[in-house]
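The values are calculated or read from the model by the stated rules, or taken from the named source; none is laboratory data. Keep in mind the model is a prediction, meaning the values are calculated, not measured. In this analysis, Cβ positions are derived from the backbone assuming ideal geometry, glycine residues included, and neighbour counts consider all displayed protein chains. We work out accessible area using only protein heavy atoms, side chains counted, and drop any ligands, DNA or RNA first. Shrake-Rupley method; radii C 1.70, N 1.55, O 1.52, S 1.80 Å.
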Amino acid sequence: MSQTPNTAIAVIGIDIGKNSFHVVGHDARGAIALRQKWSRGQVEARLANIPPCLIGMEACVGAHHLSRKLASLGHDARLMPAKYVRPYSKGQKNDFNDAEAIAEAVQRPTMKFVATKTAEQLDLQALHRVRERLVSQRTGIINQIRAFMLERGIAVRQGIGFLRTELPTILATRTDALSPRMLRVIEELAGDWRRLNQRIDGLSGEIEALARQDQACSRLMTVPGIGPIISSAMVAAIGTGDVFSKGRDFGAWLGLVPKQISTGDRTILGKISRRGNRYLRVLFVQAAWVVLVKVKPTRWGYGLKRWIEAAKKRLHHNVLATALANKLARIAWAVLAKGRAFELTRTDDAGVRPA
């Protein structure tokens with residue numbers, strides 16, 4: 001179905017593909033006025049000739065770039081999580097039905113949208129994803145070295161620092177436990193470990209330099225336990241945080257709130273939902289452990305001391321770390337959204353509370 005000259009398109013749904021895009025447009029009455037398949041090179045040219053309208057897309061690879069292009073043409077481009085579009089799909093699974101479902105979903109007043117990322121955010125996010133992959137590879141190499149030595153009766157105390165310290169001595173001793181072939185294999189793995197360390201340190205330094213130059217990241221780093229890695233990852237993921245109306249919504253997006261299964265007047269709260277951004281969730285849990293373990297008792301939580309002391313009496317230490325991670329995430333969102341640094345307001349001589 002092609003567009004007729006007298007039909008004004010009000011809403012468009014685009015199903016994004018690698019080389020082809022399926023487009024379905026609705027008029028003001030909700031009837032289908034456009035149903036075509038376009039190549040990647042035709043999208044901008046054809047939409048430039050259509051009056052500004054509401055355009056919906058799923059938040060996927062390439063969607064943020066296209067959203068910025070369409071916004072520059074005057075269109076109201078909005079991105080949605082794919083799982084929120086799925087209930088609007090009718091009939092069999094095909095690209096045109098998916099585009100029609102997107103056009104239906106983008107009109108819903110209660111739909112939750114994804115903020116369009118800038119090119120700088122995508123660049124920063126790419127640095128984090130590369131660093132995350134390299135850290136995972138390093139962990140795999142370390143575990144493999146430990147397994148090879150343990151199979152031959154050589155056990156090293158848990159912790160990356162102990163293995164780094166003892167490995168040169170083990171390789172230099174050249175006992176009968178390790179054959180020449182196994183020594184060569186472990187030496188090559190140790191070389192891979194060193195090269196990965198260099199790349200990870202280089203990426204970490206670049207991320208830290210970018211975080212120090214960014215005002216939003218600098219404000220986030222005033223929150224307890226949050227450094228350049230977490231602050232830059234948060235800015236890369238949510239920008240200014242405008243997509244969330246309150247800190248609890250951000251915590252729920254991270255998957256740090258209890259999973260709820262309720263019916264009638266019965267409310268059941270389970271473990272954390274683990275929905276949303278896994279990478280940021282892990283970082284915030286690590287930040288919570290830093291506050292609990294590595295900060296001196298006299299400075300516990302930089303103002304969270306009384307809350308932590310009360311929670312320690314009723315929560316397991318792992319549950320406490322998760323609860324503190326959720327609290328830090330909500331504080332971090334407030335710092336980011338309100339545009340001011342983390343502050344402490346003294347309530348009395350016994351303690352302080354976060355502003």
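Here are the numbers for the structure shown:
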| item | result |
| --- | --- |
| Unmet criterion (only one of (1) assigned to a helix (DSSP H, G or I); (2) out of contact with any helix residue (DSSP H, G or I) (no Cβ under 9 Å at 6 or more places or on another chain)) for Lys93 | (1) |
| Residue in the stretch 24-59 that is surrounded by the most Cβ atoms within 10 Å (Cβ to Cβ), counting only those that are of a type in the set (S, T, N, Q) and in a strand (DSSP E or B) | Gln36 |
| Residues within the stretch 149-170 that are on the phi < 0 side of the Ramachandran plot and in contact (Cβ under 8 Å) with a residue 24 or more places away in the chain, tallied | 3 |
| So Ala103, is it closer than 23 Å to Arg40 by Cα, touching a residue at least 12 places away in the same chain (Cβ under 8 Å), open to solvent by less than 40 Å² (accessible area, probe 1.4 Å) and of a type in the set (Gly, Ala, Ser) | yes |
| Filter result (open to solvent by 60 Å² or more (accessible area, probe 1.4 Å) and within 17 Å of Arg248 (Cβ to Cβ)) within the stretch 270-291 | Arg274, Arg275 |
| The one condition in (1) closer than 18 Å to Asp242 by Cβ; (2) outside any helix (DSSP H, G or I) that Leu124 fails to fulfil | (2) |
| Whichever residue in the stretch 278-330 is among the hydroxyl-bearing types (Ser, Thr, Tyr) and at pLDDT 90 or above and, among such residues, is farthest from Ala216 (Cα to Cα) | Thr322 |
| Residues located in the stretch 108-144, provided they are open to solvent by 70 Å² or more (accessible area, probe 1.4 Å) and either of a type in the set (Gly, Ala, Ser) or in contact with a strand residue (DSSP E or B) (Cβ under 6 Å, 6 or more places away or on another chain) (or both) | Ser136 |
| Every pair of residues 6+ apart whose Cβ atoms lie under 8 Å, when the first sits in the stretch 305-331 and is among the aromatic types (Phe, Trp, Tyr) while the second is open to solvent by less than 80 Å² (accessible area, probe 1.4 Å) | Trp307/Gly301; Trp307/Lys327 |
| Boolean, Trp333 is open to solvent by less than 60 Å² (accessible area, probe 1.4 Å), under 16 Å from Gly225 (Cβ atoms) and modelled with pLDDT under 85 | no |
| Among the residues listed as Ala233, Ala172, the single one being within 30 Å of Leu320 (Cα to Cα) and in a helix (DSSP H, G or I) | Ala233 |
| Count - residues of the stretch 128-157 that are among the charged types (D, E, K, R) and either touching a Phe, Trp or Tyr at 6+ places or on another chain (Cβ under 6 Å) or in a helix (DSSP H, G or I) (or both) | 6 |
| Criterion (open to solvent by 20 Å² or more (accessible area, probe 1.4 Å), farther than 30 Å from Ile142 by Cα and in a helix (DSSP H, G or I)) met by exactly one of Arg199, Arg195, Arg219 | Arg219 |
| Test set (1) among the hydroxyl-bearing types (Ser, Thr, Tyr); (2) open to solvent by 20 Å² or more (accessible area, probe 1.4 Å); (3) within 29 Å of Val319 (Cβ to Cβ); (4) in contact with a helix residue (DSSP H, G or I) (Cβ under 8 Å, 6 or more places away or on another chain) - Ser245 fails condition number | (4) |
